[in-house]
Amino acid sequence: MKKIHIALLVLIAGAIGVLLTFLKTASTYDTIDTAIAKPGKFVHLMARLDKSQPVEYDAIKNPNYLTFTAIDTLGKSVKVVYHNAKPDNFEISERLVLKGKYQDGKFECKDIQTKCPSKYKEEMKITDKNTPGTSIANPEPTNSAEKKY
Amino acid sequence: MDYIGEHLLPGQLGHFFIVLSLVASLVATFCYFRSTQSKIDDESARWKKLARYAFITEVVSVLAIFSILFYIIHNHLFEYHYAWKHSSRSLEFKYMLACFWEGQEGSFLLWSFWHCILGLILIKSSKKWEAPVMTVVSFAQFALATMIAGIYIFNWKMGTNPFILLRDSGVFDNAPALHLNLDVNQPLRPDYMSSIKDGNDLNPLLQNYWMVIHPPVLFLGFASTIVPFAFALAGLWKRIYGEWTKPALPWGLFSAAVLGVGIMMGAMWAYESLTFGGYWAWDPVENASLVPWLVLISGIHTLLIYKHSGHSLRATHLFFILAFGFVLYSTFLTRSGILGESSVHAFTDLGMNFQLLSFLLVFVLPALLLFFRRYKEIPTIQKEENTSSREFWMFIGSLVFFLSAIVIIGKTSLPVFNKIFGTKIAPPEDAEYAYNSIQVYVAIILALLTAVTQYLKYKETGRGYFWKKILTPTILAVILSGLLFAFATINYTKKGPVFLGSIWMAVICSIYTIVANASYIWLGIKGSLRLSGGSIAHVGFGMVLLGILISSSNKEVISNNIGGIPAPLGEGEDPRENLTLVKDVNMDMGKYTITYLGDSAHPKKQLSYYRIHFKSKDGKEEFTLMPNSFVNYKGNEGLMSNPDARHYWNHDVFTYITSISNPDSEQDTAAFRHANLKPGDSLFYSNGFLILQELKRKDSLPVEIFGPGGSLYEAPIKIFSKSGSVYSVTSRLAVAKGEMMSLPDTITSESLVLRLQKVNPDNSIELGVKESNAVMKYITLKAYKFPYINLLWFGVAITAIGIIISMIRRIQLNRLKGSGS
């Protein structure tokens, strides 16, 4: 066997090894129930903001503290603590991907990904369709804004 | 029905040219194919001529589509969905191009446009390779034309058409106001256009000058990967092995330079306009564009091996096929919506997944099939590479590059994996570290190989020669690394000593690469600029690595929250990286004292600029940064922030707004609480305490204002805040014409309102105290320090220059040989 073939095999084996270890360290997408079932484990929680519950955030007191209640599609809810600034479009976000772990009765969140209609205009159109009675939501604010100037 | 105010002609022309482009590209593909297959020279030439006419028709059509769509956007013809969705009247001219390629349709058009330009050059320059190479290019043009066709074939929609009218796009389906009798089942009102005054505007995050220039460059990079691919395929197809590498090499180099620069322009855009705090986040979209580049670089190196030693032709074929394959795969990943959760900036699903997947498979499967069928025919050299030869180590380097690309794309493809196998695997806790922890070793190996390999000769290197040549640069690199080790630190300790050690190792190897390759320009090729392309590119590559390593590992958050009240913290290290600035109040941040001075608004958009004054504590410099933010833009609650940075030669101070005081909540809901105080008494409030100094009464007052017996009380109050600040106010109460009047005093920075309400007979006062956030204007910001970021940008430029020098030399060599034979 040529030396270069040996090198080839070793490197390919290395690459496969790396990918397998990656799968081992990978986390999972979870609902609130399954996240609570494995406390202390880092998960991606798929949920949305429960707007009937208070959102606590005061940038003056502490810009790095946000708590709120998240609710998932199964109707289960959990209190979430996030030690960072409130993300953009947090309130209007339709879906939140909360990365963190469940601990001591609350979800300690390390990172929040918001899924907003604003970043995804195509999705906005779909929401318009789902809300009966809304007229074209998009041009209206612009027109009123234009009148202002 | 006729509608008032519509301009239908551009759209009709557009539709016509789309169909023409579809037909012309198909005809061109067919004719080039026949020309390639034909054994008779005459016949082949006739087909070729026909094919050229077809391709030129295709070029004209694409240019026409391009111009018409731009005309529609430029003239604000909002009856067209594309203009309505992506542009607005307030959009500056420079961003009209940016909004042109914001949508899928426009970016496909851009890609198609570059294929046209490349195709024309290929027709002019590639001589006997024209027919097979252009078959591939024309077919790609056909595939791209289907993406914007928007034609229904038995209920299945092929592509999305950029010329679709707003009223046909389904946007009005739930807008009764625009229909007759306010009923959505009725037709539209003929004058519906009078209600469509403006479009949706370009996504604010894309309103950045990099978005004008980055997509065209990136797409030129993507588009040009088809050329080496087509040459490799042409070689297999015509069974003329190896010869195709000559014309393919300059194309490969061109593609590598342009794609590399395009990717890094995207990184600059991310750095300057996104707020994830950096230029690279291993986001799937970034990875998907990086991977073809890595594979392309592998291909270029194996091609050079083949040129000089006859080895590695098979690998070159594979790499060029896969480089283009990964371009198509990344197209699929980023446009199909499959990335969903895992990417911040992917396109949304337009229901074209099947088509995108076909686009990938229709090129990659036949190419790979042809490659494996011809595999045995591709010439190789049986003799083993000598381990002292340049080709041996170059091959190892190419392989490491390629495998690192495979690892990156493997990790990025997690959502695809989930989709196929129904699993629910998510990226790990620290997704960036998952990449960094591996790629740092790739960097070490590659930097080392890049440093050393140029000093090896092809075929075989004498020991004496090698050591003699490499001695000086090695000593130099050791000295430099030693100096760096002694005088600089790398602060990235959060991942433990092993990773820190790896970073150091990679830093040293990058320095070695820079020094060794720079020296080689004199030691190896005697300072000849013409020959030094490779070395210059390698120096640039070393600088890129060094810039990445230092700027990322010494990146520092300087906006640590020290002003606010510490909140109850969870276990572990929680990010406390945002700092709140109250208007006009100085705050400490790193070596600066910073003050929020106020904001100013954009005249046309809901865009605010925040003036933040920086003053270094040693008093040596002062400057103002103006990060901006779209506030509640187009009815979207919240902020979309664009950072601002202060550039120094050796670091950047980078800041952006994370939250602002809500202008809507300015209604004051807090109430006064009352306290009785005597002079010298103190009173606590939530953020400190205050002391009533004394109470003064003034009697000799003008009677015409105060009436008889009027009086004025003055109560000087000192306020001691927790933060150490001391404020003095004087509250006043006037008794005039039998009425008591007092004005509240506001201490903005303490969100404190005081009012002297009553003076009691026993010389005590009743003081009203109110604490309210509404009195404060504040912003919360995040600030980073990025050291040596310029090294990265500079390195990218040097790499590109080096590659271009090589490319020019290769073109010249090809010309010389061409005229000689």
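The values are calculated or read from the model by the stated rules, or taken from the named source; none is laboratory data. Keep in mind that what you see is a predicted model, and the values were worked out from it rather than measured. Backbone-built Cβ (ideal geometry, glycine too); neighbour counts: all protein chains shown. Protein only, heavy atoms only, side chains kept; ligands, DNA and RNA dropped before computing areas. Shrake-Rupley method; radii C 1.70, N 1.55, O 1.52, S 1.80 Å.
Tell me, what is the FRET efficiency for B:VAL184 and A:LEU74 to the nearest 0.05, using R0 = 35 angstrom and their Cβ-Cβ distance as r?
For R0 = 35 Å, the calculated efficiency reads 0.55.
How about the range B:242-325: which chymotrypsin sites (Phe, Trp or Tyr not before Pro) there are in a DSSP loop, with at most 10 other Cβ atoms within 10 Å of their Cβ? Show your work: numbers first, answer last.
Working: sites: B:TRP244, B:TRP251, B:PHE254, B:TRP269, B:TYR271, B:PHE276, B:TYR279, B:TRP280, B:TRP282, B:TRP293, B:TYR306, B:PHE319, B:PHE320, B:PHE324; in loops: B:TRP244, B:PHE276, B:TYR279, B:TRP280, B:TRP282.
Answer in residue order: no site qualifies.
What nm value, rounded to one decimal, do you get for the distance between B:ALA488 and B:GLU243 when each label is placed 7 Å out toward the C-beta?
5.1
Please name whichever of B:LEU304, B:ALA323, B:GLY266 sits farthest to the positive end of the charge dipole of the range B:219-374, dipole taken about the Cα centre and charges placed at Cβ: Lys and Arg +1, Asp and Glu -1.
The residue sitting most towards the positive pole is B:LEU304.
Any chance you could run the full-extension gain for B:LEU529 through B:ASP584? It's 0.36 nm times the residue separation minus the Cα-Cα distance, nm to one decimal.
Length difference between fully extended and current span is 14.2 nm.
Multiply the residue gap between B:ILE381 and B:TYR3 by 0.36 nm, knock off their C-alpha separation, and tell me the result in nm, one decimal place.
Full extension from B:ILE381 to B:TYR3 adds 128.9 nm.
Quick check: pseudo-label points 7 Å beyond the Cα along Cα→Cβ at B:GLN12 and B:THR423, how many nm apart are they?
If labels sit at B:GLN12 and B:THR423, their model points lie 5.6 nm apart.
For the charge dipole of the protein assembly as shown, defined by +1 on Lys and Arg C-beta atoms and -1 on Asp and Glu C-beta atoms about the Cα centroid, which residue among B:LEU399, B:SER608, B:LEU471 has the Cα displaced farthest towards the positive pole?
The listed residue farthest towards the positive side: B:LEU471.
What helices in chain B pass both tests, a Cα length along the helix axis of 15 Å or more and a mean Kyte hydropathy of 1.0 or higher, using whole DSSP H runs?
Those that clear 15 Å and a mean of 1.0 are B:9-37, B:130-147, B:210-224, B:226-238, B:313-335, B:353-374, B:390-412, B:431-453, B:463-487, B:496-523, B:533-553.
Loop-only check: which chymotrypsin sites (Phe, Trp or Tyr not before Pro) in the range B:506-566 are DSSP coil with at most 11 other Cβ within 10 angstrom?
none
Using amide H atoms built in the peptide plane, which far-off residues or other-chain residues are under 5 Å from A:ASP50 H to H?
For A:ASP50, whose amide H was placed from the backbone, the distant partners under 5 Å are A:THR69, A:ALA70, A:ILE71.
Once R0 is set to 35 Å, what does the formula 1/(1 + (r/R0)^6) return for the Cβ-Cβ distance between B:ILE153 and A:LYS3, expressed as a FRET efficiency to the nearest 0.05?
Plugging the Cβ-Cβ distance into 1/(1 + (r/R0)^6) gives 0.05.
Give me the percent relative contact order of the range B:248-427, please, defined on Cα pairs under 8 angstrom at least 6 residues apart.
On the way: 189 pairs, mean separation 45.2, N = 180.
Here the relative contact order equals 25 percent.
Using the heavy atoms of the protein chains alone and a 1.4 angstrom probe, what is the accessible area of the range B:372-489 per residue in square angstrom?
That works out to 53 Å² per residue.
With +1 assigned to the C-beta of every Lys and Arg and -1 to the C-beta of every Asp and Glu, and no other charges, what is the dipole magnitude of the range B:139-200 about the Cα centre in debye, to the nearest 20? Write down the numbers at each step before the final one.
Details: 4 positive and 5 negative charges, 26 e Å.
Rounded to the nearest 20 debye, it is 120 debye.
Run the dipole for chain B about the Cα centre, Lys and Arg Cβ at +1, Asp and Glu Cβ at -1, nothing else charged, and hand back the magnitude in debye, nearest 20.
With Lys and Arg at +1 and Asp and Glu at -1, about 3800 debye.
Can you pull the one-decimal nm distance between simple spin-label points at B:GLU272 and B:ASP681, each 7 Å off the Cα toward Cβ?
With each label placed 7 Å out from Cα toward Cβ, I get 6.1 nm.
For the protein assembly as shown, what proportion of DSSP beta bridges, expressed in % and rounded to the nearest 5, is antiparallel?
95
The range B:58-167: which chymotrypsin sites (Phe, Trp or Tyr not before Pro) are DSSP loop and have at most 12 other beta-carbon atoms within 10 angstrom?
Sparse-neighbourhood loop chymotrypsin sites (Phe, Trp or Tyr not before Pro): B:PHE93, B:PHE154.
Please report the relative contact order for the range B:1-129, taking Cα pairs under 8 Å with a sequence separation of at least 6, and give it as a percent rounded to a whole number.
23
In the range B:742-763, whose amide N lies under 19 Å from the spot 7 Å out along Cα-to-Cβ of A:LYS61? List them in ranges.
Those under the cut-off are B:749-753.
For chain B, what is the calculated [θ] at 222 nm in deg cm²/dmol (nearest 500), taking -39500 (n - 2.57) for each run of four or more DSSP H residues and dividing by its residue count?
-17000 deg cm²/dmol
Work out, in µm²/s and without decimals, the Stokes-Einstein translational diffusion coefficient of the range B:248-427 at 10 °C, 1.306 mPa s, Rh from Kirkwood over C-alpha pairs. It would help to have the intermediate numbers written out before the result.
Values: Rh = 17.8 Å.
This corresponds to a translational diffusion coefficient of 89 µm²/s.
Considering every Cα-Cα pair within the protein assembly as shown, what fraction, in whole percent, is farther apart than 50 Å?
Within the protein assembly as shown, distances greater than 50 Å cover 32 percent of Cα pairs.
Tell me the total accessible area that B and A bury against each other, 1.4 angstrom probe, in square angstrom rounded to 100.
About 6500 Å² of accessible surface is lost on pairing.
Rounding to the nearest 20 debye, state how big the charge dipole of the protein assembly as shown is about its Cα centre with +1 on each Lys and Arg Cβ and -1 on each Asp and Glu Cβ.
4180
Note down, for the range B:71-189, the three equivalent ellipsoid semi-axes (square root of 5 times each alpha carbon gyration tensor eigenvalue), biggest first, whole angstrom.
Three semi-axes, in Å: 37, 19, 8.
If you build the convex hull over the alpha carbons only and average its shadow over all orientations, what do you get for the range B:447-528? Give it in nm² to one decimal.
Projected area, direction-averaged: 6.4 nm².
Cα-based Rg (one decimal) and Dmax (whole number) for the range B:1-207, in Å?
20.2, 70
Please tell me the relative contact order of the range B:383-531 in percent, rounded to the nearest whole number, where contacts are Cα pairs under 8 Å and at least six residues apart.
Across the range B:383-531, relative contact order equals 32 percent.
Going by Cα centres, the range B:371-414 and the range B:1-49 are how many Å apart?
39
Using the Kirkwood radius over C-alpha pairs as Rh, can you work out the diffusion coefficient of the range B:401-553 via Stokes-Einstein at 37 °C, viscosity 0.692 mPa s, in µm² per second? Please list the in-between numbers first.
Working: Rh = 17.4 Å.
Translational diffusion coefficient: 189 µm²/s.
Quick one: length gained pulling A:GLU94 to A:LYS106 fully straight, 0.36 nm per residue minus the C-alpha distance?
Full extension from A:GLU94 to A:LYS106 adds 2.2 nm.
Assuming a ≥ b ≥ c are the square roots of the Cα gyration tensor eigenvalues, decide whether chain B counts as rounded (a/c under 1.5), prolate (otherwise, with a/b larger than b/c) or oblate. Present the calculation step by step, with values, prior to reporting the outcome.
Values: a/c = 3.14, a/b = 1.60, b/c = 1.96.
Oblate.
Which Cα, out of B:LEU356, B:ASN155, B:THR450, lies furthest along the positive dipole direction of chain B (beta carbon charges, K/R +1, D/E -1)?
So the residue we want is B:THR450.
If you take each beta carbon of peptide B:419-431 and count the beta carbons of other chains within 10 angstrom, what is the mean?
Taking all residues of B:419-431 together, the mean is 5.
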